[in-house]
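Structure first, commentary second.
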Amino acid sequence: RETWLRLLADARQDIAVLVMSGTFYAQAQPRIGRLLAEASARGVRVRLCFGSPSSEAVGTRDREEGLGGTLAAKIRSALTYYREAAATGDIEMRLHSCTLYASLFRYDDQIMVNPHAFGEPASANPVLHLRRLDGGQVAALYLDSYERVWEGAKPWHGEDV
């Protein structure tokens with residue numbers, strides 16, 4: 001928890017998150033929406049991308065993890081933490097409809113990668129802490145993946161989904 005909060009507080013250029021529901025992110029810090037809005041106010045570009053609750057990808061992940069139809073509700077619940085900051089434009093938010101192989105959490109040149117094992121919730125999988133280096137390819141691979149999903153995702157401004 002402390003690492004996530006330190007990375008958020010230290011970010012100066014980019015914060016980017018890609019998740020299905022990202023439930024633990026808000027649970028680790030219930031004021032996450034406000035902290036991200038504060039980062040935006042100090043000049044950090046903040047982009048969050050969540051699964052679209054009505055998408056086929058969310059339904060598939062729900063079945064694969066045996067969640068009994070609750071993943072869409074988890075996403076809607078998680079979005080409540082960011083509703084105000086999204087509505088005011090303090091942070092950029094989008095909803096994706098992608099099969100998600102890893103949750104991504106970027107803080108400037110560092111990225112936390114949470115690869116997903118089939119049938120397991122994200123929280124049951126490891127987290128890899130990577131740093132983007134000049135000429136390095138591993139972190140760049142995940143950063144490029146984030147950009148591809150972001151480009152195809154639909155903007156969300158705090159409305160009901």
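Values as computed for the structure displayed
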{"quantity": "Fraction of beta bridges assigned by DSSP in the chain that are antiparallel (%, nearest 5)", "calculated": "60 percent"}
{"quantity": "Local net charge near W156, Cβ-Cβ under 12 Å (Lys/Arg +1, Asp/Glu -1)", "calculated": "+2"}
{"quantity": "Given [x] 2, 9, 19, 23, 23, 15, 7, 2, 0; [y] 1, 8, 16, 19, 18, 14, 10, 7, 4, 2, 1, 0; [z] 2, 8, 14, 13, 10, 9, 7, 6, 6, 5, 5, 4, 4, 3, 2, 1, 1, 0, 0, the label whose value is P(r) over Cα pairs in 5 Å bins from 0, in percent derived from this model", "calculated": "[x]"}
{"quantity": "Only Lys, Arg (+1) and Asp, Glu (-1) charged, at Cβ; the chain dipole about Cα centre in debye", "calculated": "260 debye"}
{"quantity": "Cα-centred dipole magnitude for the range 14-79, charges only on beta-carbon of K, R (+1) and D, E (-1), debye, nearest 20", "calculated": "300 debye"}
{"quantity": "Global form of the range 94-157, assessed from the alpha-carbon gyration tensor, a/c cut-off 1.5", "calculated": "oblate"}
{"quantity": "Radius 11 Å from Cβ of G119, net charge of other residues (Lys, Arg +1; Asp, Glu -1)", "calculated": "-1"}
{"quantity": "Contact order relative to length of the chain, as percent, for alpha carbon pairs under 8 angstrom and 6 or more apart", "calculated": "26 percent"}
{"quantity": "Helical segments meeting 18 Å axial Cα length and Kyte-Doolittle -0.5 threshold in the chain (DSSP H)", "calculated": "138-152"}
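Every number here is computed from the coordinates shown, using simple stated rules; none is lab data. Just so it is clear, the model here is predicted, and its values are computed rather than measured. Please note: Cβ atoms are built from the backbone with ideal geometry, for glycine as well, and neighbour counts cover all protein chains shown.
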